[in-house]
Amino acid sequence: MTDASKSADGTTEAAPGPAPAPAQGSTTPPAAPAATTPAPTSTTPPVEEKRRRRRPSGETVKAGSNAVRNRIASLVWLVAVVCALFLAVGALLVALDANRDNAIVTFVLDMADKLDGPFSRDNGVFTFEGKDGETKGALVNWGIAAVVYLVAGKILDRIIRP
């Protein structure tokens, strides 16, 4: 008994060591070594996976569209606030009787005159006569125009924003 040894209960156990070589006339081939490379876990071919990555899903497109709409709505609101600011500052400069030879005062008053539309300080919705007619006209008409810009800007912001 060279390859096996008897255990205490009388059964035969194989001795540790190299496996016996197949007999000379045996047709059984030797066992192949175990495969060491793992099998691929994904059944999706790489080309199809690349196509899926390139094609945006509906949620991605919607998220991008919402981001663009948010930016446009913010821009519309910003323009409305800047217009209202020019009108309010212009009315304040007229009320304080600012120096009209100053370049900044002239710029603000010119911008307010361009933005006032039907709310002109000279020929607006409300006209005032007398000593402080120009001041009252600027405060009332440009004040109304500023409020109209803010309300219209906020309405457009709510319509555009998702």
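The values are calculated or read from the model by the stated rules, or taken from the named source; none is laboratory data. What you are looking at is a predicted structure, and each value in this text was computed from that prediction instead of being measured. Methodologically, a virtual Cβ is constructed for each residue, glycine included, from the backbone with ideal geometry; neighbour enumeration extends over all protein chains shown.
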(message) Being more than 17 Å from residue 145 (Cβ to Cβ) and β-branched (Val, Ile, Thr) narrows it down to one residue among 94, 89, 105, 79; which is it?
(response) 105
(request) Quick one: residue 79 ticks every box in (1) at pLDDT 95 or above; (2) over 30 Å from residue 67 (Cβ atoms) except a single one, so which number is it? (result) (2)
(message) So in region 111-137, with the set limited to residues that are over 41 Å from the mean Cα position of the chain (by Cα) and hydrophobic (A, V, I, L, M, F, W, C), which one is nearest to residue 152 (Cα to Cα)?
(response) 125
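For every residue, the table says whether it meets (1) touching a strand residue (DSSP E or B) at 6+ places or on another chain (Cβ under 8 Å); (2) assigned to a loop (DSSP other than H, G, I, E, B); (3) not hydroxyl-bearing (Ser, Thr, Tyr).
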{"residue": "92", "(1), (2), (3)": "no, no, yes"}
{"residue": "97", "(1), (2), (3)": "no, yes, yes"}
{"residue": "104", "(1), (2), (3)": "no, no, yes"}
{"residue": "107", "(1), (2), (3)": "no, no, yes"}
{"residue": "111", "(1), (2), (3)": "no, no, yes"}
{"residue": "119", "(1), (2), (3)": "no, yes, yes"}
{"residue": "123", "(1), (2), (3)": "no, yes, yes"}
{"residue": "127", "(1), (2), (3)": "no, yes, no"}
(message) What's the total number of residues in region 112-133 that are within 21 Å of residue 83 (Cβ to Cβ) and not small (Gly, Ala, Ser)?
(response) 11
(request) Kindly indicate the residue of region 75-90 that is out of contact with any Gly (no Cβ under 6 Å at 6 or more places or on another chain) and of a type in the set (Gly, Ala, Ser) and also surrounded by the most Cβ atoms within 10 Å (Cβ to Cβ) among those meeting that condition. (result) 90
(request) Of the numbered conditions (1) surrounded by 15 or more Cβ atoms within 10 Å (Cβ to Cβ); (2) within 22 Å of residue 156 (Cα to Cα); (3) aliphatic (A, V, I, L, M), residue 108 fails exactly one; give the number of that condition. (result) (2)
(request) Within region 114-132, track down each residue that is free of Cβ contacts under 8 Å to residues at least 12 places away in the same chain and closer than 18 Å to residue 99 by Cα. (result) 132
